[in-house]
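Step one of this worksheet: look at the structure below.
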Amino acid sequence: LVAILVGATHLFLATDVDALYTSNPNVPPPPGMPPASAIREVSNITEALQAVETAAGGGGSGTQWGTGGIATKLKAALLASAAGITTVIISAQKPEHIALATKGSREIGTTVLPAPKVVASHKRWIMALPVRGTISLDAGAARALRSGSSLFAAGVRTVGGVSGTFGEREAVRVLDENNADLA
């Protein structure tokens, strides 16, 4: 949020891992599976965050020195990306990597690219709110919402259409007919 407020071009998240990985690099892979490998560039932060949350059951609590696992870092990168800021996840043990990253190196850490379409500042704050529930839409309601129309209760799926406990002015995740994030 501070990077957004000061109009930064880059956000560096110095952490106890040196990059985002395809799986936990501290755990041996199951038989027949490849070892964890570093992901050097992320162009779709929403997909990366969903994959990490699914694999880790919501992220992780981090270490005694940090406030959250990789999911927390990706949530920060999501906000920065929506504001047009490049985020780099690097090892806190190697601060010299910051200079390399500002010169465009993709050989260190993980670079999260800015979103192709910057979210308007008056809407961006919604992304920082904790998600309290989920609303699943049918195809017609999803199409209407994509075109800028309002959402009506008739478009919410009758089976499994609403989950969680939320009230007025709380953030919810809106899913389309394929259970992909829509809003």
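The values are calculated or read from the model by the stated rules, or taken from the named source; none is laboratory data. Since the structure is predicted, the reported quantities are computational estimates derived from the model, not experimental observations. All Cβ positions, even for glycine, are placed from backbone atoms using ideal geometry, and neighbour counts span all protein chains on display. Each accessible area value is taken on the protein alone, full model and side chains, heavy atoms only, with ligands, DNA and RNA left out. Shrake-Rupley method; radii C 1.70, N 1.55, O 1.52, S 1.80 Å.
Every condition in (1) assigned to a loop (DSSP other than H, G, I, E, B); (2) under 24 Å from the mean Cα position of the chain (by Cα); (3) more than 13 Å from L79 (Cα to Cα) holds for S149 except the one numbered (2). For region 16-52, name all the residues that are under 14 Å from T111 (Cβ atoms) and not aliphatic (A, V, I, L, M). Answer for region 16-52, where residues must be under 14 Å from T111 (Cβ atoms) and not aliphatic (A, V, I, L, M): D18, R40, E41, S43, N44. Answer with yes or no whether L182 is over 22 Å from A51 (Cβ atoms) and either of a type in the set (S, T, N, Q) or surrounded by 16 or more Cβ atoms within 10 Å (Cβ to Cβ) (or both). No. Of A115, A83, which residue is crowded, with 16+ Cβ neighbours inside 10 Å and touching a Pro at 6+ places or on another chain (Cβ under 9 Å)? Matching residue, one of A115, A83: A83.
Counting residues that are in contact with a strand residue (DSSP E or B) (Cβ under 8 Å, 6 or more places away or on another chain), at pLDDT 85 or above and aliphatic (A, V, I, L, M), which helices (runs of 4 or more DSSP H) fully inside region 30-117 reach at least 2? Explain how you work it out, then say what you get.
On the way: elements: 45-56, 70-82, 97-102.
It comes to 70-82.
Pull up region 136-163, narrow it to residues that are among the hydroxyl-bearing types (S, T, Y) and within 13 Å of L175 (Cα to Cα), then point me to the one that is modelled with the highest pLDDT. Only one residue tops the list, namely S136.
Residues are listed down the side, and each one gets a yes or a no for (1) in contact with a strand residue (DSSP E or B) (Cβ under 7 Å, 6 or more places away or on another chain); (2) of a type outside the set (D, E); (3) open to solvent by less than 60 Å² (accessible area, probe 1.4 Å):
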site	(1), (2), (3)
A128	no, yes, yes
T134	yes, yes, yes
L137	yes, yes, yes
G140	no, yes, yes
S150	no, yes, no
V159	no, yes, no
G164	yes, yes, yes
D176	yes, no, yes
